[in-house]
Amino acid sequence: MYNRFFGFKERPFKLVPNPEYLYLSRIHEEVLAHLNYAVGYGEGFVEITGEVGTGKTTLCRMFLESLDENTAAAYIFNPKLDALQLLKAINDEFGIPSDTESVKSLIDRLNAFLLEKKAQGKRVILLVDEAQNLSPDVLEQLRLLSNLETTTSKLLQIILVGQPELGELLETEALRQLNQRITLSCHLMPLSASETREYIRHRIHIASRKPGLEFTAGAYRSIFKYTGGVPRLINIICDRALLTAFALGKHRISETIVRRALRELDGKRNRSRKPIFFREKLIIGLLLVLVILVAGLVVGQTMLNRTSRMSVAPVVHHKIEDTFSESTAAIASGFAKEAVLEVAPLSPAREFPAAEPSTVQAAPPTAMAATAAPAPPPPVRDLEPVIMSMDAQNSHIGALTAVLRLWKAQNPLGVGPVDVEDSDTFFRLSARYSDMEALRLKGNLTLIKKLNLPAILEFPLTDGSGSRFMALVGLADDELRLSDGDETFSITPASLAGLWNGVAHIFWKNYYNYTGIIPISSPGEVILSLKVHLKALGFPIEEMTAAYDTSTRLAVEAIQARNGLDVDGMVGPMTKIALYNEDPSLNGPRLAGDRSGQ
């Protein structure tokens, strides 16, 4: 159509998963690095999820094409199969005979193939795309395949790729054994505004025979506003915009052309603009919550005033920061204009964040001295009724507010196409808006203690209607402090049993911007920066070069060992957190005091 007019060798925005056109955003780079790491060093299952159109299949194809000759891979892209059909498909992909209806025979042949590859020093990978379509029976069959192993290692590395529903499926009671074997979980997010611009430029550069095509700043803004950063939607609107420009004889894609293309698409497909619709719906919902909260505060203040007028002795009132109301208002106003919300930080007391300071009514000096006393400990609560009484959307926002308050975040919630139904995306995007990272973990309190940072805990409801979230803001051997954003209370660690599913979202700052997993997927300047950092912490780094040498690896392993992490010499997210925790010049919040001795 327009290829000759624009000087393209082919259409740059075709809806096919061509690895040649893959644009690696920061999140895509991290997921690809995790895949490479898992293949080289990991055991168990790897889970990769992402919304429709975020580039999962394209990333998988690029990953498979990057494998060397020492790796054999099977790619299953049509998983609507029963257990027998899946085994036949796997054997076919590996070139193993599958002319039998016996499950045992198919597994025996596969096991013989895996042992042969092991003897040759080769790795074997099974990658299943669109895995959210797998039935529980088929997933259980995959779990049984992971039992094919020697006394020292697994024979088959299994990677499951799918939409967020895959994660929900794996967390069901029937698949708890499989869920426990997932050692690495990654989530692909939509592109940011700047990444959307670079994505478009990247695809045009790959397809162009000559320079000249230009998108204006307004065109980029309209495309991002319509698509929310979803690559597939970007391809659709860009392809239509190029066709519109071709019809008008224009080589410059303006905002007017993009809007005309959008009208044509909406008229043809009768499709609303999902990100904008969601944003409007979110504003209305949050404004409604705000009205209810304000009304509640007015009633509460009225009752408080009546009580204070009836009191004879001086009364101590605790100042209540209505952080949730302020955060809600910031979101609502943020869609109309940029708004910055100042959140009052909590100061540390012992190893826990302290309660808010008290405001005392006028009294003589002697009375003031008599009433001055240490802040009372937070109340002890029964956890289950608290969880059951929480609203789904409010629990996301409340837990997030509590954690970001400890980090003294300037922009607690930010703006953008955040889908609160997808907790991973919500927390990751919220972290990005506050210049932080969100690490999703599945484990236990021991792992959270090692990282020693405030965490958001996930509590799935027993009726299957979703999950609720609370912030873990303090931790000791016999006490946990949880916050819903408005109130902090204490529970015992045993109270989590049967309520917490082990999922935690850790917010952390990548102070020195160590990208990727060092040294697997990080550039030389990142390795050099790491070596300078390690030397400043007192490690005997020998040469200040971009080489990841023995002294650097030994320093990293020492940090991993004394922080209770897996000692593999690789600097991933958890090792970065441990490294930053050991740096006395960085003053981040702690769950149980500073491990560096401060």
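Pairing each residue of the stretch 208-224 that is at negative phi with any residue that is in a loop (DSSP other than H, G, I, E, B) and of a type in the set (Ser, Thr, Tyr), provided the two are 6+ apart or on different chains, yields C-beta distances under 6 Å for THR216/SER254; ALA219/SER254.
Taking (1) part of a loop (DSSP other than H, G, I, E, B); (2) open to solvent by 10 Å² or more (accessible area, probe 1.4 Å); (3) under 21 Å from GLN393 (Cβ atoms); (4) not hydrophobic (A, V, I, L, M, F, W, C) in turn, ARG468 satisfies each apart from (1).
Which one of LEU126, LEU148 is hydrophobic (A, V, I, L, M, F, W, C) and surrounded by fewer than 20 Cβ atoms within 10 Å (Cβ to Cβ)?
Result of the check over LEU126, LEU148: LEU148.
What about ASP478, is it surrounded by fewer than 16 Cβ atoms within 10 Å (Cβ to Cβ), within 27 Å of ALA578 (Cβ to Cβ) and charged (D, E, K, R)? Spelling it out, ASP478 is indeed surrounded by fewer than 16 Cβ atoms within 10 Å (Cβ to Cβ), within 27 Å of ALA578 (Cβ to Cβ) and charged (D, E, K, R).
If you check GLU10 against the conditions, is it in contact with a strand residue (DSSP E or B) (Cβ under 7 Å, 6 or more places away or on another chain) and not in a helix (DSSP H, G or I)? It is false that GLU10 is in contact with a strand residue (DSSP E or B) (Cβ under 7 Å, 6 or more places away or on another chain) and not in a helix (DSSP H, G or I).
Taking every residue in the stretch 486-504 that is aromatic (Phe, Trp, Tyr) and pairing it with any residue that is open to solvent by less than 50 Å² (accessible area, probe 1.4 Å), at least 6 positions away or on another chain, the pairs with Cβ-Cβ distances below 7 Å are PHE489/PRO378; PHE489/LEU482; TRP500/LEU457; TRP500/PHE459. Within the stretch 1-29, the set of residues being open to solvent by 10 Å² or more (accessible area, probe 1.4 Å), out of contact with any Lys or Arg (no Cβ under 6 Å at 6 or more places or on another chain), of a type outside the set (A, V, I, L, M, F, W, C) and farther than 18 Å from ARG61 by Cβ comprises ASN3, ARG4, ARG11, ARG26. Evaluation of PRO164 against the conditions (1) without any contact (Cβ under 8 Å) to a residue 60 or more places away in the chain; (2) within 20 Å of LYS442 (Cα to Cα) shows that the sole unmet condition is (1).
Those residues that are without any contact (Cβ under 8 Å) to a residue 60 or more places away in the chain and either aliphatic (A, V, I, L, M) or in contact with a strand residue (DSSP E or B) (Cβ under 7 Å, 6 or more places away or on another chain) (or both), I need them from the stretch 192-207; list them, please.
Within the stretch 192-207, the subset without any contact (Cβ under 8 Å) to a residue 60 or more places away in the chain is 193-194, 196-197, 200-201, 205.
Residues satisfying the conditions are ALA193, ILE200.
For the condition free of Cβ contacts under 8 Å to residues at least 24 places away in the same chain, surrounded by fewer than 19 Cβ atoms within 10 Å (Cβ to Cβ) and not in a loop (DSSP other than H, G, I, E, B), what is the one hit in ALA174, ALA112? Outline the logic, then answer.
Details: ALA174 fails: free of Cβ contacts under 8 Å to residues at least 24 places away in the same chain.
None of the other options fit; the residue is ALA112.
Can you find a residue that is among the small types (Gly, Ala, Ser), outside any loop (DSSP other than H, G, I, E, B) and more than 22 Å from VAL567 (Cβ to Cβ) anywhere in the stretch 58-73? Yes, because at least one residue in the stretch 58-73 is among the small types (Gly, Ala, Ser), outside any loop (DSSP other than H, G, I, E, B) and more than 22 Å from VAL567 (Cβ to Cβ).
Go through the residues of the stretch 83-99 one by one and say whether even a single one is more than 26 Å from GLU65 (Cβ to Cβ) and either buried (at least 20 other Cβ atoms within 10 Å of the Cβ) or under 31 Å from the mean Cα position of the chain (by Cα) (or both). Among the residues of the stretch 83-99, not one is more than 26 Å from GLU65 (Cβ to Cβ) and either buried (at least 20 other Cβ atoms within 10 Å of the Cβ) or under 31 Å from the mean Cα position of the chain (by Cα) (or both), which makes the answer no.
The values are calculated or read from the model by the stated rules, or taken from the named source; none is laboratory data. As the structure is a computational prediction, the values presented were derived from the model and not from experiment. Don't worry about glycine lacking a Cβ; one is built from the backbone with ideal geometry, like all the others, and counts go over all protein chains shown. SASA here: full protein model, heavy atoms, side chains in, ligands and nucleic acids out. Shrake-Rupley method; radii C 1.70, N 1.55, O 1.52, S 1.80 Å.
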